[in-house]
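*Asks:* Provided herewith is a single structure, encoded as structure tokens, for subsequent inquiry.
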Number of protein chains: 2
Amino acid sequence: MPLIATPEFMHFDAPLALQSGASMPAYRLAYETYGRLNAARDNAVLICHALNASHHVAGRYAGQADSEGWWSNMVGPGKPVDTHRFFVIGVNNPGSCFGSTGPGDINPATGQAWGADFPVLTVEDWVLAQARLLDALGIGQLAAVMGGSLGGMQALSWSLQFPGRVRHAVVIASAPNLTAENIAFNEVARRAIVTDPDFHGGHFYAHGVVPRRGLRIARMIGHITYLSDDVMNEKFGRQLRDAVAGHASGYRYSTQDIEFQIEGYLRHQGDKFSDYFDANTYLLITRALDYFDPAHAFGGNLTRAMARAVARFLLVSFTTDWRFSPARSREIVKALLDNRKAVSYAEIEAPHGHDAFLLDDARYLDIVRSYFRSIEVSA
Amino acid sequence: MPLIATPEFMHFDAPLALQSGASMPAYRLAYETYGRLNAARDNAVLICHALNASHHVAGRYAGQADSEGWWSNMVGPGKPVDTHRFFVIGVNNPGSCFGSTGPGDINPATGQAWGADFPVLTVEDWVLAQARLLDALGIGQLAAVMGGSLGGMQALSWSLQFPGRVRHAVVIASAPNLTAENIAFNEVARRAIVTDPDFHGGHFYAHGVVPRRGLRIARMIGHITYLSDDVMNEKFGRQLRDAVAGHASGYRYSTQDIEFQIEGYLRHQGDKFSDYFDANTYLLITRALDYFDPAHAFGGNLTRAMARAVARFLLVSFTTDWRFSPARSREIVKALLDNRKAVSYAEIEAPHGHDAFLLDDARYLDIVRSYFRSIEVSA
């Protein structure tokens with residue numbers, strides 16, 4: 001029987017004090033749960049999402065065949081994170097555009113959409129909001145918190161912000177902070193959005209437009225960095241698009257038409273993204289990525305930063321991931337070992353680059369499956 | 001005594017038949033020469049430029065202290081390409097925006113600027129135009145043709161288009177074609193330019209505007225790919241910009257202000273570039289990069305493609321260059337060896353990424369120096 005998901009919403013009246021010093025007034029979180037919370041309330045698993053995902057982690061919506069959750073291969077009945085054993089929670093972070101309070105919502109101070117005035121959020125702020133959701137659900141301690149990429153940063157931060165509330169932290173394809181190159185790619189994407197004339201200083205809602213050009217460019221840049229050079233060469237190489245391949249002389253000799261398949265693929269990804277993603281959310285989420293750096297308060301010493309963690313850890317990285325390379329995961333592993341923390345680490349030989357954390361790779365899924373089997377929960 | 005450079009211009013009345021099937025009507029090439037052509041006319045070296053460089057390879061313009069040529073560390077009196085021995089020619093390719101006929105010039109068919117109607121040019125077309133310049137200068141055979149990056153592609157193409165006119169080909173930080181990832185980065189840059197409302201379908205000259213937003217984004221993307229992850233981390237890392245570093249709480253918590261030094265650096269590079277570079281030229285040059293693929297006509301077999309070369313070769317690559325990686329240079333080396341051609345190859349351990357080919361690295365400059373010393377020319 002397929003897993004049927006139902007989005008739920010929780011309202012919070014108490015403002016959330018943010019790292020920036022600002023505070024977020026009354027807000028709403030969208031979330032979904034799968035499986036059942038056991039009597040001992042010790043089988044909850046929180047899944048944290050990355051840049052363009054949401055609370056819709058697993059299953060599908062009733063009557064919507066095309067609505068598979070973004071981590072359905074990972075979470076569900078009989079899946080590596082088995083909802084027969086675990087009560088799994090997916091939550092949409094504030095600032096997002098998929099149901100939780102975000103820049104498209106009304107700013108109570110102005111009666112207009114927040115737009116660019118939405119408070120700047122950090123990974124730590126998201127974790128705080130998630131913790132409040134758990135409070136409301138009556139969950140004191142998580143069996144595990146888990147995420148990939150930016151979601152892995154949230155899992156890592158949980159282990160530091162609420163050490164007593166996390167028994168296991170599963171951090172996949174992530175990093176202890178962004179490199180200069182990562183920040184650089186984020187900044188180019190942001191500039192593409194902000195300098196799009198349809199951005200209107202972030203208040204484009206009032207103008208009835210969307211900064212599509214900027215969103216397209218941002219997504220195209222993102223896509224390049226999610227894939228490996230190898231998998232791009234394998235999937236696309238220098239193949240001409242079909243129409244062009246049938247052309248007598250091979251090339252069209254045009255700077256604006258699509259000549260190569262990779263161009264068509266990227267344009268399509270950019271178009272799709274600009275149809276559904278909020279430009280202010282893109283700015284907020286990439287900035288949260290830039291800011292995350294738990295070692296910062298310890299003079300850059302990650303070992304000292306990780307000293308307060310209590311959870312057991314599983315880290316997974318992928319060999320061709322150049323956005324969050326295995327070396328970055330190994331920095332976290334080392335910092336944990338320096339502190340004599342329990343950590344398992346798997347470096348998966350996979351051709352798919354950063355995207356691998358979302359894909360079906362038997363070795364990867366089996367490792368997560370084995371790890372979750374080792375997590376003890378009450379009957 | 002410093003080398004004083006003087007730009008010269010050569011007009012060609014006969015149209016240039018292009019690979020696309022189109023032809024370029026009467027046109028002008030800007031060029032510079034350094035040193036003296038010897039009586040035997042066998043000491044000429046042609047330098048081919050890459051994306052944003054020009055015919056101004058070496059020396060400086062009289063009275064302009066800030067006008068050093070882009071390869072002044074490589075070419076000049078006593079330099080690796082020693083103008084005491086060699087007669088060096090720098091030429092600006094057609095389609096460029098630095099003196100040769102380009103999209104900003106008047107299209108004789110319309111009386112308006114060419115704009116986006118400028119013919120699409122290939123590496124092979126440029127080589128053909130360069131060969132005509134040599135004809136006009138009375139140079140039958142080059143002692144050497146040399147270039148880095150896209151310039152290296154031109155040097156490679158010279159050895160195939162005019163095998164009898166090239167004794168040595170020096171191909172630095174180059175590749176036998178672009179990978180899908182390379183094309184992808186070019187395409188994002190082009191889309192940023194083309195979708196800038198100030199692009200006006202490539203006819204922005206008539207509107208008195210420049211698609212600056214697009215040019216800025218294009219340059220920022222380019223800059224990221226010219227540098228290595230390592231050198232970015234070393235130069236910028238996660239350093240906050242000075243003003244921010246003095247701020248009490250560290251971060252400004254802004255999605256649009258500059259927080260990290262790398263952001264300021266990239267914005268500055270983008271701004272500078274948009275002041276002087278032509279948007280249509282950017283489209284043309286990146287397309288020429290995409291198209292270059294001498295193995296294409298041989299079913300992708302580079303060994304067969306290189307069979308017709310007669311020149312001796314020096315190839316140089318840089319370990320941290322991920323845009324034109326050493327593996328790509330080794331493909332050329334192998335294809336030459338398969339054909340029993342004379343080839344020397346140096347892989348330089350350098351942290352600077354693709355940019356290394358323009359920088360001062362003693363081992364690199366010494367190898368080029370030694371190679372050019374081995375080139376025999378008449379007294």
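The values are calculated or read from the model by the stated rules, or taken from the named source; none is laboratory data. Nothing here was measured: the structure is a model prediction, and the numbers come from that model. Virtual Cβ from ideal backbone geometry, glycine too; neighbours counted across all protein chains shown. Quick note on the areas: whole protein, heavy atoms, side chains included, nothing else; ligands and nucleic acids left out. Shrake-Rupley method; radii C 1.70, N 1.55, O 1.52, S 1.80 Å.
*Asks:* Put a label point 7 Å from Cα along the Cβ direction on residue B:108, then list its distances to the equivalent points in the other copies in nm, shortest first.
*Replies:* Values, ascending and in nm: 7.3.
*Asks:* Turning to a different aspect of this structure: Take the Cα coordinates of the range B:86-127, assign each an equal point scatterer, and use the Debye formula without solvent to give log10 I(q)/I(0) at q = 0.14, 0.17 Å⁻¹.
*Replies:* Those come out to -0.37, -0.51, one per q.
*Asks:* Next question. To the nearest 10 degrees, how steep is helix A:326-338 against the longest Cα principal axis of chain A, on a 0 to 90 scale?
*Replies:* Tilt of helix A:326-338: around 20 degrees.
*Asks:* Additional query: Can you flag which of A:272/A:334; A:272/B:235; B:235/B:334; A:272/B:272; A:235/A:272; A:235/B:334 are past 29 Å Cα-Cα?
*Replies:* On the way: A:272/A:334 40 Å; A:272/B:235 36 Å; B:235/B:334 35 Å; A:272/B:272 32 Å; A:235/A:272 20 Å; A:235/B:334 25 Å.
Correct reply: A:272/A:334; A:272/B:235; B:235/B:334; A:272/B:272.
*Asks:* Using the basic label-point model (7 angstrom from Cα toward the beta carbon), what is the residue B:310 to residue B:65 distance in nanometres?
*Replies:* 4.9
*Asks:* Two decimals is fine: what's Rg over Rh for chain A, C-alpha atoms, Kirkwood radius as Rh?
*Replies:* Here the Rg-to-Rh quotient is 0.97.
*Asks:* Can I ask one more? Just give the residues from the range B:180-211 buried by at least 40 square angstrom of accessible area in the all-chains context relative to the isolated chain, probe 1.4 Å, and say none if nothing qualifies.
*Replies:* B:180, B:181, B:183, B:184, B:185, B:187, B:188, B:191, B:195, B:197
*Asks:* May I pose another question? Tell me, in nm to one decimal, what length is gained between residue B:9 and residue B:137 on full extension, where the rule is 0.36 nm per residue of separation less the Cα-Cα distance? If you can, show how the numbers build up before the last one.
*Replies:* Working: separation 128, 0.36 × 128 = 46.08 nm, distance 1.17 nm.
My answer for the length gained is 44.9 nm.
*Asks:* Then there's this: Using helices alone, what [θ] at 222 nm do you get for chain B, with -39,500 (n - 2.57) per DSSP H run of 4 or more residues, divided over all residues and rounded to the nearest 500? Walk me through the numbers on the way to the answer.
*Replies:* Numbers: 11 runs with 127 residues, N = 379.
It comes out at -10500 deg cm²/dmol, rounded to the nearest 500.
*Asks:* What whole-number value in Å² describes the accessible area per residue of the range A:77-229 for a 1.4 Å probe? Present the calculation step by step, with values, prior to reporting the outcome.
*Replies:* Values: 3700 Å² over 153 residues.
With the other protein chains kept in place, the range A:77-229 gives 24 Å² per residue.
*Asks:* Right, here's the next one. Do any GluC sites (Glu not before Pro) in the range B:296-379 lie in a DSSP loop with no more than 12 other beta carbon atoms within 10 Å, and if so, which? Please report the intermediate quantities before stating the final value.
*Replies:* Numbers: sites: B:331, B:347, B:349, B:376; in loops: B:349, B:376.
Loop-located and lightly packed - B:349, B:376.
*Asks:* Plugging the Kirkwood radius over Cα pairs into Stokes-Einstein for the range B:169-231, at a temperature of 37 °C and a viscosity of 0.692 mPa s, what D comes out in µm²/s? Before the final figure, lay out each step's value.
*Replies:* Working: Rh = 13.4 Å.
My calculation gives 244 µm²/s for D.
*Asks:* Relative contact order of the range A:153-216, please, whole-number percent, based on alpha carbon pairs below 8 angstrom and at least 6 residues apart.
*Replies:* On the way: 46 pairs, mean separation 15.2, N = 64.
24 percent.
*Asks:* Inter-copy label distances at residue B:6, 7 Å along the Cα→beta-carbon direction, one decimal in nm, shortest first?
*Replies:* When each copy's label point is compared with this one, the spacings are 8.7 nm.
*Asks:* Return the tail of the calculated pair distribution for the range A:249-302, meaning the percent of Cα-Cα pairs more than 12 Å apart. Could the numbers behind the result be given before it?
*Replies:* On the way: 1101 of 1431 pairs.
Summing the P(r) of the range A:249-302 above 12 Å gives 77 percent of all pairs.
*Asks:* I'd like the interface area for chains B and A: accessible area of each alone minus the complex, both sides summed, 1.4 Å probe, protein heavy atoms only. What is it in Å² to the nearest 100? Intermediate values should be presented prior to the final figure.
*Replies:* On the way: alone 16250 and 16280 Å², together 27550 Å².
About 5000 Å² of accessible surface is lost on pairing.
*Asks:* From largest to smallest, what semi-axes in whole angstrom does the range B:330-379 give when each is the square root of 5 times an eigenvalue of its alpha carbon gyration tensor? Intermediate results must be reported in sequence, preceding the final value.
*Replies:* Values: eigenvalues 98, 75, 11 Å².
The answer is 22, 19, 7 Å, longest axis first.
*Asks:* For the range A:255-379, divide the Cα radius of gyration by the Kirkwood radius and give the resulting Rg/Rh value with two decimals. Write out the running numbers ahead of the final one.
*Replies:* On the way: Rg = 19.0 Å, Rh = 17.8 Å.
The Rg/Rh ratio comes out at 1.07.
*Asks:* Next question. I need the inter-copy label distances for residue B:363: point set 7 Å along Cα to C-beta, values in nm with one decimal, smallest first.
*Replies:* The projected label point of residue B:363 is separated from its counterparts by 3.2 nm.
*Asks:* Right, here's the next one. Could you list the square roots of 5 times each eigenvalue of the Cα gyration tensor of the range B:19-67, that is, the equivalent ellipsoid semi-axes, sorted largest first and rounded to whole Å? Let's see the in-between values first.
*Replies:* On the way: eigenvalues 128, 78, 24 Å².
Taking √(5λ) for each Cα gyration eigenvalue gives 25, 20, 11 Å.
*Asks:* Okay, next question. Could you give me the percent of Cα pairs per 20 Å distance bin for the protein assembly as shown, shortest bin first, beginning at zero and ending with the bin that holds the maximum distance?
*Replies:* Per 20 Å bin, starting at zero, the Cα-Cα P(r) for the protein assembly as shown comes out as 16, 45, 29, 10, 0 percent.
*Asks:* Taking the Cα atoms only, what angle lies between the long axis of helix B:279-291 and the longest principal axis of chain B, rounded to 10 degrees?
*Replies:* With rounding to tens, the tilt is 60 degrees.
*Asks:* With the cut-off at 1.5 for a/c, could you classify the range B:13-110 from its C-alpha gyration tensor as rounded, prolate or oblate? Kindly include the intermediate steps, with their values, before the conclusion.
*Replies:* On the way: a/c = 2.59, a/b = 1.67, b/c = 1.56.
It comes out prolate by the Cα gyration axes.
*Asks:* Which far-off residues, 5 or more places away or on another chain, put their amide H under 5 Å from the one on residue A:142, with H placed in the peptide plane?
*Replies:* Under 5 Å from the amide H of residue A:142: A:166, A:167.
*Asks:* I would also like to ask the following. Dividing the alpha-carbon radius of gyration of the range B:124-239 by 2.2 N^0.38 Å (N being the number of residues), what value is obtained? Walk me through the numbers before you get to the answer.
*Replies:* Working: Rg = 18.8 Å, N = 116, 2.2 N^0.38 = 13.4 Å.
For the range B:124-239, the normalised Cα radius of gyration is 1.41.
*Asks:* Viscosity 1.567 mPa s, temperature 4 °C: give me the Stokes-Einstein translational D for the range A:183-314 in µm²/s, with Rh taken as the Kirkwood radius over C-alpha pairs.
*Replies:* Working: Rh = 17.8 Å.
The diffusion coefficient I find is 73 µm²/s.
*Asks:* Straight distance only, please: which aspartates and glutamates reach the Cα of residue A:341 with their own Cα at less than 19 Å, same-chain residues fewer than 8 apart left out?
*Replies:* Result set, ordered by chain and number: A:331, A:376.
*Asks:* Sequence gap at least 6, Cα distance under 8 Å: using those rules, report the relative contact order of the range A:1-160 to the nearest whole percent. Please list the in-between numbers first.
*Replies:* Details: 318 pairs, mean separation 43.3, N = 160.
This gives 27 percent for the range A:1-160.
*Asks:* Indicate the gyration tensor shape class of the range A:40-165 (rounded, prolate or oblate), computed on the Cα atoms with a ≥ b ≥ c the square roots of the eigenvalues: a/c under 1.5 is rounded; otherwise a/b larger than b/c is prolate and the rest oblate.
*Replies:* Oblate, since a/c reaches 1.5 and b/c is not below a/b.
*Asks:* Give the relative contact order (percent, whole number) for the range A:32-108; include only Cα pairs under 8 Å separated by 6+ residues. If you can, show how the numbers build up before the last one.
*Replies:* Numbers: 124 pairs, mean separation 27.8, N = 77.
So the answer I get is 36 percent.
*Asks:* Taking Cα atoms of the range A:96-165, Rg/Rh with Kirkwood Rh, to two decimals?
*Replies:* Values: Rg = 14.3 Å, Rh = 13.6 Å.
Taking Rg over the Kirkwood Rh, I get 1.05.
*Asks:* Going by alpha carbons, how many degrees (0 to 90, nearest 10) lie between the helix axis of B:362-373 and the longest principal axis of chain B?
*Replies:* On a 0 to 90 degree scale, this one is about 20.
*Asks:* On the protein heavy atoms, probe 1.4 angstrom, tell me the percent of accessible surface of chain A carried by carbon and sulfur. Spell out each step's value before the answer.
*Replies:* Values: 6930 of 13790 Å².
Carbon with sulfur: 50 percent of the solvent-accessible area.
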